[in-house]
Amino acid sequence: NAGDCQVFVNGQKAVDCSNWPRTTNDARRWLLVHLPTGPAQIAIRIAGQMGSPARIPHHGDVLFGRAPVLEDIRTATDATRFYRALPQTLLCAGELLGGVILLLVFRNDPRGRAYLWFAAFLFLDGTMSLESVFNYVYPLLPLATGELTDALGMIGRYAPLVGFIAAFTGVRLNRWMRSYQILLFVIPVLEGLPYLSEKFAWLPRFSGVTFHLVLLVVQVPFVVGALGFLAWKWKCGNKEAGLLLPSFLLASAIEALGITVPWFTEFHVGRFGFDYDDLSMFFFLVSIGPVMLFRHRRITLEHERASAELEAAREIQQQLVPKSIPALTGCHIEAAYLPAEEVGGDFYQVVSRPDGSVVLAVGDVSGKGLKAAMTGMLAIGALRILAVEGLGPAAILMRLNSELVNTSNGGFVTCFCGVLDASGNLRYANAGHVAPFCNGREIEVTGALPLGIDPNTGYEESTLALDPGDRLTLLSDGVVEAQSATGELFGFERTREISAQTAQSIAEQARRFGQIDDITVLTLNRLALA
């Protein structure tokens, strides 16, 4: 058990344990020194470890006997050390394997940040504990790193657990939680730095008692805070918190036993050695594993249902976009439709009438997903029927409003509707939609509620004469509300400046600026007379 030692027999050095690389007292095996036949004078030279005073050998530190007997003693000592470290080694291997599995799960589901936080916890606790095991059997790292790794494994591991609890229960990490996470990493680093370099000799070196007091001061607020937070969230109806609460209660109870019951701190079962921290971690992982699997399975099914709904909504939304635009004598019409990542409800329609006029409509359904797509499909179906009945734009919107009030289920639809005759006169009405532009100038529209809100809403009709060479631009709010990475909106001024360009050009510029919603642009160019 000496720090460094040399053994001399009859004045000649027989063994020098100071030549062993990176060893500790726990990792050293018994030194066997073969003595010559006959009288022998033995001298043992001892040096203290890390500058500490040398310890005089105690009873049992030096044994004399026949070589086979001493070999058996050394083998038994090695076996005891192996079986003592085996449970913790297996636990560390399980933690590292679990961390790899969770990283793969997170790779397939980047929205599941709880998996990433728990993987970080497993990697941190597993690697630090594994280093402790190797330090006990055969150290791989310098002895000075032991203080840092022990502190990170006992204190720093709580930092990712804070993030895990927040992510699992759907709570956003606030500045207090972030500060507590940082503190949990700073304390172990400050505790280990004085042992790593003489440059940090001004920092205090914690004794074993002081370190356990620091551990207790850090551990108690985490345990009490985590249990209180989970219980409060569960009481408020958070089912995810209720799933975590039993695992944290079980682990905390074992930790409390280890601190208060002396024999429970470290004990043996047969040849295997255990301590309360390993036992607490084991039961924590065993109890929380099924919870993670259950939650992952449930979320996977929810994602599959959402993906199926999204695909159905996309198929329906494709029906909102006309496959072709009817030709109109004396006019050139073009359209651009750029759906956002989420399924929305933008739509446009160009419907020719037998009298040579054409009905133009651009609309936007509130909300996202299948519900918005279904509402848009309903609006399109009604528009196609009403457009051929010879109604004016205000009458079309009123009839469409009556249909949507009873079927929109709390949503609404904005819509601009116009009827252009062969002579170039445009009659139009607006239901809360973005005002169109004519030759780069925003035309005046009368304000009115969107469709589907009030069955008694009336819509006023206005008239605009389009001369040869004039360009009319209808668009959805996806152009105006395009947003850059810095949060700047595309805005009405930019929209006005580019409103005389082609529909595709306007849509592409808004998309490149920062698309956050469906973008729909419909342009009508009144051709000049030959």
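The values are calculated or read from the model by the stated rules, or taken from the named source; none is laboratory data. Predicted model only: the values in this text are computed from it and were never measured. We place every Cβ from the backbone using ideal geometry, glycine too, and count neighbours over all the protein chains shown. All accessible areas refer to the heavy atoms of the entire protein, side chains included, with ligands and DNA or RNA removed. Shrake-Rupley method; radii C 1.70, N 1.55, O 1.52, S 1.80 Å.
Brief remarks on what is shown
- Distance (nanometres) between label positions extended 7 Å along Cα→Cβ at residue 309 and residue 446: 3.9 nm
- Here the label points at residue 172 and residue 435, each 7 Å from Cα along the C-beta direction, are separated by 3.5 nm in the simple model.
- Estimated from the Cβ-Cβ distance and a Förster radius of 22 angstrom, the FRET efficiency linking residue 384 and residue 327 is about 0.80.
- Spatial separation of Cα centroids for segment 49-99 and segment 444-492, in angstrom: 81 Å
- Note on residue 334 and residue 256: the model spin-label points, each 7 Å out from Cα along the C-beta direction, lie 7.4 nm apart.
- Each of 58, 303 has its accessible area taken with a 1.4 Å probe; listed largest first, they run 58, 303.
- The length gained by stretching the chain between residue 504 and residue 198 to full extension, at 0.36 nm per residue less their Cα-Cα distance, is 103.4 nm.
- Scanning the chain for long hydrophobic helices, with DSSP H runs required to stretch 30 angstrom or more by C-alpha along their axis and to average at least 0.0 on the Kyte-Doolittle scale, returns 67-108, 113-137, 175-196, 208-235, 239-260.
- Environment charge of residue 292, counting only residues whose C-beta is closer than 12 Å and scoring Lys/Arg +1, Asp/Glu -1: +2
- Rolling a 1.4 Å probe across the protein heavy atoms gives the chain an accessible surface of 52 Å² per residue.
- Given a 1.4 Å probe and the protein chains as shown, residue 329 ends up with an accessible area of around 130 Å².
- Available extension along the chain between residue 41 and residue 423 is 124.9 nm, counting 0.36 nm per residue and deducting the alpha carbon span.
- The stretch between residue 73 and residue 353, if pulled fully straight at 0.36 nm per residue, gains 90.4 nm over its current Cα-Cα span.
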